[in-house]
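Below is one structure; the comments refer to it alone.
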Amino acid sequence: MQIKAEQLASALERGLQPIYLLAGEEPVLVADAASAVRKAARRQGFGERVVHEVERGFDWSVLGGEAASLSLFAERRLIELRLGGGKLGDDGSAALCAYAKDPAPDVLLLLTGESFERRIRDSAWYRACDSTGVVMYAWPLEATAMPRWLVARARSLGVELNEAAASLLADLTEGNLLVAAQELDKLVLLSPPGAALGRDSVLQAVTDNPRFAARDLADAVLAGDGRRLTRALAHLKDAGETPILALWQLTQDLQRLIDGNMAGQPPRRRELLTRAQRRRPAAFWQSLRAQAALVDRACKGVGKGAEPWLALASLALRMAGHSRLQGN
């Protein structure tokens, strides 16, 4: 039975199957799914877990031996095989096909893998797992689905993340599920159990990373938010960061405002860019190219004595439509 990642929880509630094959393009989804299977197995009395890394030369007789052996510690056993890219060879394919025809009682076989080529997903052993157990192949999430996934994951970790905060986190991490999961984990560690987390919580946690702080500055510039712009600049400077990263983000956005090419940008950033583009004529954005070049020279120490952070602040203020930095 093939299911999607979001269907696994309900499938486990209906009862355990003898085989679970979990793989895909999103390592975070695969890891979360494997963790869910292990937890469900423990609840059902699978008290012993045996793990094998399947590498070149792996002895596939191990599968039958582990499944048939009696345990001194538990009546039910979880056998986990980590398949990597799924290139198992003839011996591996034959072993899994044979096992799938007659799975051992009181044994749950958990197979985990990475990204599988199409020919592997069409292989005999893959189809055998599908016919006997559960197969979940994790494809990359759509941009619109990522905030929902973050909300659900936060809840599973014991906190509440509202939709606005989830959308901001998805935007700041540019749709990278692994980075978003890591930032969410950090946010949970910094928060009390059951906390309700909003946009400010996300900004405070995520922008401690200079890369995300630079992105926050750029978003504040596009939104014309003077106070947030001021805080972002101060945070970067106080953290001892170089202004080069922030300048790079601003010049990237400046180019988007000039040519109107917003391909690859998350929905919220496209909206910010579109609104900023409407605030000023194209000639205005074109005129800022020369100022950006001067900031670049100042950052590299080849300008006319300009202080890099002051030069960056001047550019950011002009892009945002403000004349001076604002207090907190």
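Rg and Dmax of region 85-230, Cα atoms, in Å?
For region 85-230, the Cα radius of gyration and maximum Cα-Cα distance read 21.3, 67 Å.
Under the rule a/c < 1.5 gives rounded, and otherwise a/b versus b/c splits prolate from oblate, where does region 6-134 land using the Cα gyration tensor?
Values: a/c = 1.60, a/b = 1.12, b/c = 1.43.
Note, shape of region 6-134 comes out oblate.
Pick from 14, 256, 268: which is most flexible by mean-square fluctuation in a GNM of the chain where alpha carbon atoms under 10 Å apart are linked?
14
Within the chain, what whole-number % of the accessible surface is contributed by carbon and sulfur, with the 1.4 Å probe and all protein chains included in the calculation?
That share works out to 51 percent.
Would you kindly state the longest site-free stretch of the chain, with sites defined as GluC sites (Glu not before Pro) in a DSSP loop (not H, G, I, E, B) surrounded by at most 16 other Cβ atoms within 10 Å? Intermediate results must be reported in sequence, preceding the final value.
Numbers: sites that count: 25, 55, 75, 114, 117, 142, 174, 241.
After excluding every exposed loop site, the longest remaining stretch is 242-328.
For an R0 of 22 angstrom, estimate the FRET efficiency from the Cβ-Cβ distance between residue 25 and residue 164 and round to the nearest 0.05.
Working: r = 28 Å, r/R0 = 1.26.
Step by step, r from the Cβ atoms, then E = 0.20.
Which one of 112, 150, 202 has its Cα pushed farthest toward the positive end of the charge dipole of the chain, where Lys and Arg give +1 and Asp and Glu give -1 at the Cβ?
Projecting each Cα onto the dipole axis, the largest value belongs to 202.
With no solvent and one equal point scatterer placed on each C-alpha of region 86-163, evaluate the Debye formula and give log10 I(q)/I(0) for q = 0.18, 0.23, 0.24, 0.27 Å⁻¹, two decimals.
Cα-only, vacuum Debye calculation for region 86-163: -0.81, -1.02, -1.08, -1.29.
To the nearest µm²/s, what D does Stokes-Einstein give for region 147-240 at 4 °C and 1.567 mPa s, using the Kirkwood radius over alpha carbon pairs as Rh?
Working: Rh = 13.4 Å.
Here the translational diffusion coefficient equals 97 µm²/s.
Excluding same-chain residues fewer than 8 positions from residue 237, which lysines have a Cα within less than 26 Å of its Cα?
186, 300, 304
Measuring with a 1.4 Å probe in the full set of protein chains, what accessible area per residue, in whole Å², belongs to region 8-120?
Numbers: 6030 Å² over 113 residues.
Accessible surface, normalised per residue, equals 53 Å².
Rounded to a whole number, what is D in µm²/s for region 229-328 from Stokes-Einstein with the Kirkwood radius over alpha-carbon pairs (10 °C, 1.306 mPa s)?
Details: Rh = 14.2 Å.
In µm²/s, the coefficient is 112.
So for region 3-58, considering every pair of alpha-carbon atoms, how many percent are separated by more than 19 Å? Walk me through the numbers before you get to the answer.
Numbers: 519 of 1540 pairs.
In whole percent, the long-distance tail amounts to 34.
The values are calculated or read from the model by the stated rules, or taken from the named source; none is laboratory data. Everything quoted here is computed from the prediction, not taken from an experiment. Cβ atoms come from the backbone with ideal geometry, glycine included; neighbour counts cover every protein chain shown. Just the protein is used for accessible areas: all its heavy atoms, side chains included, with ligands, DNA and RNA removed. Shrake-Rupley method; radii C 1.70, N 1.55, O 1.52, S 1.80 Å.
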